[in-house]
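S.K.: One structure is given below, represented as structure tokens, and several questions about it will come after.
The values are calculated or read from the model by the stated rules, or taken from the named source; none is laboratory data. What you see is a predicted model; the values in this text were computed from it and never measured. Cβ placement follows ideal geometry from the backbone for every residue including glycine, while neighbour counts extend to all protein chains displayed.
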Amino acid sequence: MSSYENQDELYSRPVRAGKRTYFFDVKATRGKDLYMTITESKRRFDDHGNPSYTKHKIFLYREDFDKFEDGFLDAVDKIKELMETGEFRDPIAERAAQESQPETDGESAEETASSEDDIAFDDL
């Protein structure tokens, strides 16, 4: 039996983002140690249109929270800095532009925007 079986889930927060959903779950081990799992679940469709989900999970232990947060925030700040150079595409601006355009070819801007695979941290 693995160390994370029979854990107590204390809190769960889903964040929906297009085809992906992120789950932030706070759990406790049998020894009463707290940890968080971050799960990315992505919806995919087979050739017959049947949905399936792929999942990727990170286990983040309490003693690593501060270091993880520091690294995450540094990376987000760097992304914002790089975006200001204008050298990289901005899916948020692209989505806003699509939504402001009239419908074309029978597909609404909302349908086009929701099919985007790109997710910005500010969208979360």
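S.K.: Give the residue, chosen from GLU87, GLU99, GLU63, that is assigned to a helix (DSSP H, G or I) and more than 27 Å from GLU9 (Cα to Cα). Give the steps one after another, and end with the answer.
M.R.: On the way: GLU87 fails: assigned to a helix (DSSP H, G or I); GLU63 fails: more than 27 Å from GLU9 (Cα to Cα).
It is GLU99.
S.K.: May I pose another question? List every residue pair whose Cβ atoms sit under 9 Å apart, with the two residues 6 or more apart in sequence or on different chains, where the first one lies in region 58-75 and is closer than 18 Å to ASP25 by Cα and in contact (Cβ under 8 Å) with a residue 40 or more places away in the chain and the second, anywhere, is in a strand (DSSP E or B) and aromatic (Phe, Trp, Tyr).
M.R.: Taking only residues 6 or more apart or on different chains, the pairs are PHE59/TYR35.
Matching residues to (1) touching a helix residue (DSSP H, G or I) at 6+ places or on another chain (Cβ under 8 Å); (2) assigned to a loop (DSSP other than H, G, I, E, B); (3) not small (Gly, Ala, Ser):
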| site | (1), (2), (3) |
| --- | --- |
| PHE23 | no, no, yes |
| LYS32 | no, yes, yes |
| MET36 | yes, no, yes |
| GLU40 | no, no, yes |
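S.K.: Residues of region 28-52 being under 19 Å from the mean Cα position of the chain (by Cα) and either within 19 Å of SER12 (Cα to Cα) or at pLDDT 95 or above (or both), which ones?
M.R.: Hits for region 28-52 are TYR35, MET36, THR37, ILE38, THR39, GLU40, SER41, LYS42.
S.K.: Now for a separate question. Taking the stated definitions as given, is PHE68 surrounded by 14 or more Cβ atoms within 10 Å (Cβ to Cβ) and either in a helix (DSSP H, G or I) or at pLDDT 90 or above (or both)? Talk me through it step by step, then tell me what you get.
M.R.: Numbers: surrounded by 14 or more Cβ atoms within 10 Å (Cβ to Cβ): yes; either in a helix (DSSP H, G or I) or at pLDDT 90 or above (or both): yes.
Answer is yes for this residue.
S.K.: Where the second residue is outside any loop (DSSP other than H, G, I, E, B) and surrounded by 10 or more Cβ atoms within 10 Å (Cβ to Cβ) and the first is at pLDDT below 90 and lies in region 84-95, which pairs have Cβ atoms under 6 Å and are six or more apart or on separate chains?
M.R.: What qualifies is ARG95/ALA113.
S.K.: Further, regarding this structure: Counting just the residues of region 37-65 that are surrounded by 13 or more Cβ atoms within 10 Å (Cβ to Cβ) and among the polar types (S, T, N, Q), which one comes out farthest from ALA17 (Cα to Cα)?
M.R.: For region 37-65, the residue satisfying everything is THR37.
S.K.: Here's a check for you: in region 13-36, which residue that is in contact (Cβ under 8 Å) with a residue 24 or more places away in the chain and of a type in the set (A, V, I, L, M) is surrounded by the most Cβ atoms within 10 Å (Cβ to Cβ)? Break it down into steps so the answer makes sense when it comes.
M.R.: Start the filter on region 13-36 by keeping residues that are in contact (Cβ under 8 Å) with a residue 24 or more places away in the chain, which leaves 15, 17-20, 22, 29-30, 33-36.
Then keep just the ones that are of a type in the set (A, V, I, L, M); that gives 15, 17, 34, 36.
Details: VAL15: 14, ALA17: 16, LEU34: 13, MET36: 18.
In this case the residue turns out to be MET36.
S.K.: Same structure again: What number of residues within region 17-26 are at pLDDT 95 or above and among the charged types (D, E, K, R)?
M.R.: Count: 1.
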